[in-house]
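A short worksheet on the structure shown next.
The values are calculated or read from the model by the stated rules, or taken from the named source; none is laboratory data. The structure presented is a predicted model; accordingly, all values stated were derived computationally and were not measured. Note that each Cβ is placed from the backbone with ideal geometry, even for glycine, and that neighbours are counted across all protein chains shown.
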């Protein structure tokens, strides 16, 4: 881990970056923001850990917990809401056995996330499965997709 | 002279210095603009939006905390429009704030309560939301209850400004809260428990942990005093109810963060009723200490002192008041007729550097030079100096650190020079002379051979550009540091005890045998005043008298123990490290039969038939009015003052640190360090 962190530190110095670029690099390398990485940088750069944490929790692009291999994003915008996106999420969590308040399965295979609006309200409800847009999603279609990923 | 501008606030004419904000300008003419997030002395933050005011000629209201005064401005702070906006904001805040003022500990000094009253809000007109955040109360100092938090950010800003950086805004929007990194408890977050956030919080989100049911704010008698635990001698404000101390705050109005006190000063007071407190005189009988009367104890002491005469030795802490110090000196010299008196000051400083230190204010200086000192809020060595310097730096001051060790405050420094302090100082002086600044001929000769490097050049430039540089130095480097003041600035040697400068000016300093001599070789009769860093009875000591407030290891080996008062039970004056005369006031009655040091000396002197008068205010004032004389001195480091500051401060406060809460702190710090 330390090696990767050193690399990030080097680019930070070279490009005179800021906290956000460091956090983005950490996120890119580890898939989330590990606590040790933040503490390591806090020490190296004399920037308080609380500051890193504050920035990391402010932006939804940063994740504090490890995320799953497959990421399913369900749109929670108004149009999708009307078209029943909440039901999709509930069923997904049931199907994948994700406990309440969590987003990721215990085997780190799936992460279910909500997003405020994808901007494709015409094909609501919208779901992104590993960055592929699926419009007019239904529960049956969703379960089929998950089964497909699971069998791969 | 700074430029002044004329403006009008609520019909009153105001003449305010340029650059001042409207909120402060209003204060000048007693117009108080409501606010929840403003901290006097810091830049306006604009979080609460309560200070909105109308300015004629502007379309929409502006926030007073972040709007600067301008010539001819006409400001209205109480128009219907801004009052309605304020009422709306308060209405919103109340929708996420518990409405339990009847039992709330902050009632009476809560700003939200005050404004809700003024704007006639009994309840919120919105749906109430409860966030359900957990309360952090696993430490005995600060209770952090985010449910009450109104997100004004005051705690975040004080914590940041003094360099502790524990708190920050976490999350965003409705989910925003104040928290620590990774939502850890304060105990695990690196918090020093100074409680600055407690003073800053306008509501009940950060009260003292034990504050609940310890009396309402308006029942307290507030007594300003001074903390004597370390060399900073900070102002404190003691809240007293029913004859007991209920809490201690900084000696500053709530909502101001000008002053700082550490965990010792704020929370250490519970040691006064610790079970180790001595309440009656004790005398040794068959190897055990037994209770006795004052009369008997004093007459035994009087007889012993008379017998020993000039073979008596007095050793004292330098954390005693001027009055006690003068009484002790006179008692030793005129009554017992011995020159053997000394204080712990002689362990870390000579007299000259204490006497000739100048007076300065950190808040007025634009460059602070720290030489050979390691102040730290974390190890609680001169924590207020550390906090004040960091605050100054965050408000635009510069910091030059000259040190031979690795120290934490470097992280706040504009420039750090590592190496032998004297070599560096010489080089800086040389560089300054090369730049054409005036010095005297002796100084010029002394630095002839110094080598000026690039870093030295940078440091010299800082000094050259500064208007009011202030040098804080360890006493052993005082002469070398003071040479810089021949060119520019002021110099202050910082002692480790609250009245280091006072005892030096009063003259309670080495005349006969020194402190170390008396401790190493012993005296026929040794009289110990206060808590000193000495745990074993010195050999060749026939009779040991210990006059202190709490049982110490040394007291257990004494022949007579006299109970003295603590800093909260006595009055008097001290001179703090910045050279200011500060007054202690008696907050509570002495516990048990304990007496002040000076009362004890007066009582013994009466028995010895050479009665001593209590020192008067005039006498003290005359003695401490000395103009420091500074002239060229050779660049040398004085030897013999190599004590470990942290261990020293902990040993002179051993009984304070045994108090319930500070003992917890010590354990917690040790547990996290592992």
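The set of residues from the range A:23-41 being assigned to a loop (DSSP other than H, G, I, E, B) and either within 14 Å of another protein chain (Cβ to nearest Cβ) or on the phi < 0 side of the Ramachandran plot (or both) comprises A:32, A:33, A:34.
Does at least one position in the range B:379-393 carry a residue that is surrounded by fewer than 21 Cβ atoms within 10 Å (Cβ to Cβ), within 28 Å of residue B:193 (Cβ to Cβ), modelled with pLDDT of 90 or more and within 14 Å of chain A (Cβ to nearest Cβ)? So that I can check it myself, show each step before the final result.
Step one: list which residues in the range B:379-393 are surrounded by fewer than 21 Cβ atoms within 10 Å (Cβ to Cβ), which gives B:379, B:393.
Cutting the leftovers down to within 28 Å of residue B:193 (Cβ to Cβ) gives us B:379, B:393.
Pick out the ones that are also modelled with pLDDT of 90 or more and you get B:379, B:393.
Okay, now just the ones that are also within 14 Å of chain A (Cβ to nearest Cβ), so B:393.
Yes: one or more hits.
Residue count for the range B:410-420, restricted to those that are touching a helix residue (DSSP H, G or I) at 6+ places or on another chain (Cβ under 6 Å) and at pLDDT below 95: 1. Looking at the range B:164-177 only, could you name the residues that are more than 7 Å from every other protein chain (Cβ to nearest Cβ) and assigned to a loop (DSSP other than H, G, I, E, B)? If the condition is that a residue be more than 7 Å from every other protein chain (Cβ to nearest Cβ) and assigned to a loop (DSSP other than H, G, I, E, B), then B:164, B:176 are the ones that fit.
Remark: residue B:661 falls outside the filter, which requires a residue to be modelled with pLDDT of 90 or more, part of a helix (DSSP H, G or I) and touching a strand residue (DSSP E or B) at 6+ places or on another chain (Cβ under 8 Å).
For the range B:312-345, which residues satisfy the criterion of being crowded, with 24+ Cβ neighbours inside 10 Å, touching a strand residue (DSSP E or B) at 6+ places or on another chain (Cβ under 7 Å) and part of a helix (DSSP H, G or I)? Within the range B:312-345, B:322, B:323, B:324, B:328, B:332, B:336 qualify. Just checking, which of A:65, A:44 is within 14 Å of chain B (Cβ to nearest Cβ), within 22 Å of residue A:24 (Cβ to Cβ), more than 12 Å from the chain's Cα centre (by Cα) and surrounded by fewer than 20 Cβ atoms within 10 Å (Cβ to Cβ)? Going through A:65, A:44 in turn, the sole match is A:44.
Within the range B:184-225, the residues that satisfy the criterion of being under 17 Å from residue B:237 (Cβ atoms) and part of a helix (DSSP H, G or I) are B:196, B:197, B:198, B:199, B:200, B:217, B:218, B:219. Tallying residues that are over 17 Å from the mean Cα position of the chain (by Cα) and closer than 17 Å to residue A:94 by Cβ within the range A:126-140 yields 4.
Taking the range B:638-659, which residues are more than 21 Å from the chain's Cα centre (by Cα) and either buried (at least 16 other Cβ atoms within 10 Å of the Cβ) or at negative phi (or both)? Show your work before the answer.
Residues of the range B:638-659 more than 21 Å from the chain's Cα centre (by Cα): B:638-643.
Across the range B:638-659, the qualifying residues are B:638, B:639, B:641, B:642, B:643.
Of all the residues in the range B:178-191, those that are within 14 Å of chain A (Cβ to nearest Cβ), surrounded by fewer than 23 Cβ atoms within 10 Å (Cβ to Cβ) and closer than 17 Å to residue B:267 by Cα number 0. Of all the listed residues (A:81, A:13), the sole one being more than 14 Å from chain B (Cβ to nearest Cβ), surrounded by fewer than 17 Cβ atoms within 10 Å (Cβ to Cβ) and farther than 30 Å from residue A:148 by Cα is A:13.
For the condition without any contact (Cβ under 8 Å) to a residue 24 or more places away in the chain, over 29 Å from residue B:174 (Cα atoms) and in a helix (DSSP H, G or I), residue B:24 qualifies.
Taking the options B:275, B:266, name whichever one is under 30 Å from residue B:198 (Cα atoms) and modelled with pLDDT of 95 or more. Before you say what the answer is, go through the steps one by one.
Numbers: B:275 fails: modelled with pLDDT of 95 or more.
Of B:275, B:266, the one residue that is under 30 Å from residue B:198 (Cα atoms) and modelled with pLDDT of 95 or more is B:266.
Here's the yes/no breakdown for (1) in contact (Cβ under 8 Å) with a residue 24 or more places away in the chain; (2) within 23 Å of residue B:576 (Cα to Cα):
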site: B:194; (1), (2): yes, yes
site: B:200; (1), (2): yes, no
site: B:203; (1), (2): yes, no
site: B:215; (1), (2): yes, no
site: B:222; (1), (2): no, yes
site: B:226; (1), (2): yes, yes
site: B:229; (1), (2): yes, yes
